[in-house]
Amino acid sequence: MSVTDLKPNLDHWPERVDLAAAFRWTARLNMHEGVANHFSLSINEDGTKFLMNPNQMHFARIKASDLIVVDANDAEALSGPDAPDPTAWGLHGGLHRHCPHARCAMHVHSIHATVLATLQDPRLPPIDQNCATFFNRYVIDDAYGGLAFEEEGERCAGLFDDPRKKVMIMGNHGLMVIGQTVAETFNRLYYFERAAETYIRALQTGQPLRVLSDEVAEKTARELEDYPEQDERHLSELKRILDAEGSDYAA
């Protein structure tokens with residue numbers, strides 16, 4: 001029996017397990033920010049109730065049963081005993097209120113994506129297959145306004161007006177990735193950080209970049225969007241590794 005078979009009496013248990021696995025693997029990849037940053041997953045039809053990590057708990061310790069339920073329409077949630085981080089409520093609450101297609105949202109300050117976000121030109125050119133994955137599929141926020149309390153969260157949410165674009169390069173801040181499921185969103189997060197690393201390392205060589213044509217980049221992006229089940233298989237494999245190691249993520 002794997003640890004994923006041990007299910008406490010909590011609602012949305014499979015979703016909790018998936019989200020906990022994503023937290024653990026993000027920490028393992030050193031894409032965390034100590035006790036900051038947040039992932040969320042909608043659990044009601046209009047997306048305004050969502051699971052989220054507890055306030056200032058390290059990603060490497062989060063278990064499925066630790067996740068709290070937050071209501072984006074209830075500002076009193078900030079005064080309860082399990083109150084989320086105010087910036088988490090502002091940023092993720094704004095997303096889940098205003099972007100029905102943002103069922104899952106993952107915000108990190110991962111190193112290479114954040115380096116990209118600090119450049120005068122933070123665009124990600126299609127210089128390889130991973131970079132091409134995101135061709136015309138991200139938005140750039142170039143109006144950083146401080147910590148993401150409610151007003152800043154709603155401003156950021158307004159930038160996700162094109163459902164095809166599911167990555168936000170948050171200028172002078174970090175990265176926000178959205179999707180329909182934990183597996184889809186984590187897969188996108190993982191490959192964007194890989195793409196950003198390739199680009200930053202290519203810049204460090206000082207050599208001219210070989211950039212794919214728009215036609216090839218778009219073709220590649222569409223092919224990868226249609227690639228079968230990669231996101232689900234990716235997360236499933238990560239959970240198998242965690243289970244084999246005896247991790248308590250699914251407790």
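Before moving on, here are some points about what is shown:
- Hits in segment 50-70 - residues which are in contact with a Leu (Cβ under 9 Å, 6 or more places away or on another chain) and assigned to a loop (DSSP other than H, G, I, E, B): Asn53, Pro54, Ile62, Leu67
- Here segment 190-224 is the region considered, the condition is being among the charged types (D, E, K, R) and in contact (Cβ under 8 Å) with a residue 40 or more places away in the chain, and the residue that is nearest to Phe39 (Cα to Cα) is Glu193.
- Restricted to segment 116-130, and to residues there that are under 17 Å from the mean Cα position of the chain (by Cα) and in contact (Cβ under 8 Å) with a residue 60 or more places away in the chain, the residue that is surrounded by the most Cβ atoms within 10 Å (Cβ to Cβ) is Leu116.
- Test result for Arg97, of a type in the set (Lys, Arg), modelled with pLDDT of 95 or more, on the phi < 0 side of the Ramachandran plot and out of contact with any strand residue (DSSP E or B) (no Cβ under 8 Å at 6 or more places or on another chain): no
- With a requirement of 1 or more residues that are of a type in the set (Phe, Trp, Tyr) and under 29 Å from Ile62 (Cβ atoms), the strands (runs of 3 or more DSSP E) lying completely within segment 137-251 that satisfy it span 138-141.
- In segment 165-176, the condition of being surrounded by fewer than 17 Cβ atoms within 10 Å (Cβ to Cβ) and under 19 Å from Cys99 (Cα atoms) is met by at least one residue.
- If only residues of segment 46-67 that are among the charged types (D, E, K, R) and within 21 Å of Gly153 (Cα to Cα) are counted, the one that is modelled with the lowest pLDDT is Asp46.
- Note on segment 219-234: among residues that are touching a helix residue (DSSP H, G or I) at 6+ places or on another chain (Cβ under 8 Å) and not aliphatic (A, V, I, L, M), the one that is farthest from Ala21 (Cα to Cα) is Thr220.
- When Arg61, Arg16 are checked against the criterion of being in contact (Cβ under 8 Å) with a residue 40 or more places away in the chain and either out of contact with any His (no Cβ under 9 Å at 6 or more places or on another chain) or surrounded by 14 or more Cβ atoms within 10 Å (Cβ to Cβ) (or both), Arg16 stands alone in meeting it.
- The numbered conditions (1) assigned to a loop (DSSP other than H, G, I, E, B); (2) more than 12 Å from Ser42 (Cα to Cα); (3) touching a Lys or Arg at 6+ places or on another chain (Cβ under 9 Å) are all true for Pro84 except (3).
- Pairs where the first residue, in segment 135-148, is free of Cβ contacts under 8 Å to residues at least 40 places away in the same chain and hydrophobic (A, V, I, L, M, F, W, C) and the second is surrounded by 13 or more Cβ atoms within 10 Å (Cβ to Cβ) and not in a loop (DSSP other than H, G, I, E, B), C-beta under 6 Å, 6+ apart: Val139/Met168; Ile140/Ile169
- For segment 181-203, the set of residues classified as within 30 Å of Gly146 (Cβ to Cβ) and out of contact with any helix residue (DSSP H, G or I) (no Cβ under 7 Å at 6 or more places or on another chain) consists of Thr185, Arg188, Leu189, Tyr190, Leu203, listed by residue number.
The values are calculated or read from the model by the stated rules, or taken from the named source; none is laboratory data. This is a predicted model, so every value here is computed, not measured. Note that we place each Cβ from the backbone using ideal geometry, even for glycine, and neighbour counts take in every protein chain shown.
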